[in-house]
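What follows is calculated from the coordinates using simple rules that are stated; it is not laboratory data. This structure is a prediction, so every number in the text was calculated from the model and none was measured. Positions of Cβ are backbone-derived with ideal geometry, glycine not excepted, and every protein chain shown enters the neighbour counts.
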Amino acid sequence: MKKLILIPCLFLGLTLSAESISYSDSVNVISSEPIFKTVTTRTPYQECWDEEVTTSSSDNSPIGALIGGVAGGILGNQVGGGSGKTAATVGGAIVGTLVGDNLSKRGNTPSSSMQRRCVTKYQEKSAEKLVGYKNIATYKGKTITKYSNRQLDTIHLSISVHY
């Protein structure tokens, strides 16, 4: 029973407060403050120089040492006899490896050339940029602030009163 009485009272309360009045007004701006933002730009530029670079035609390949070692081992095997044959083969392989490695590096002479080197750097520049205005006015004792892209003389208001 209480539920049935409550629902009509709520409906009656809503219908009584559904009235409103709307009108327009305007107020004079009392101050406009410019708003600035710091903007940073980065401009790329290149810094270049000539540099002497030394190159070697050596490919550091072990082929010369390998061929020398095999040839030395074969020759050492031909020289020795009995148990000395094994020592002669090992010694020939070691000497052949060293001789073959030196011969493969003999013709390699380093050369130098000039090469251009560059690096990209950035120059930063900051500046203050005007982004808009903060326009301030008062209406019935209340401070009103409106942001815009230009200075305003007046601020237009749309006022609604609900009762």
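Here is how the numbers come out for the structure above:
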| quantity | calculated |
| --- | --- |
| For the stretch 88-96, Karplus couplings with θ = phi - 60° (6.51, -1.76, 1.60), whole Hz, Gly/Pro x | 5, 5, 5, x, x, 5, 5, 5, x |
| Prolate/oblate/rounded label for the stretch 33-147 (Cα gyration tensor, a/c 1.5) | prolate |
| Unit charges at the beta carbon, dipole of the stretch 40-163: most positive-side option, Ser160, Thr43, Ala87 | Ser160 |
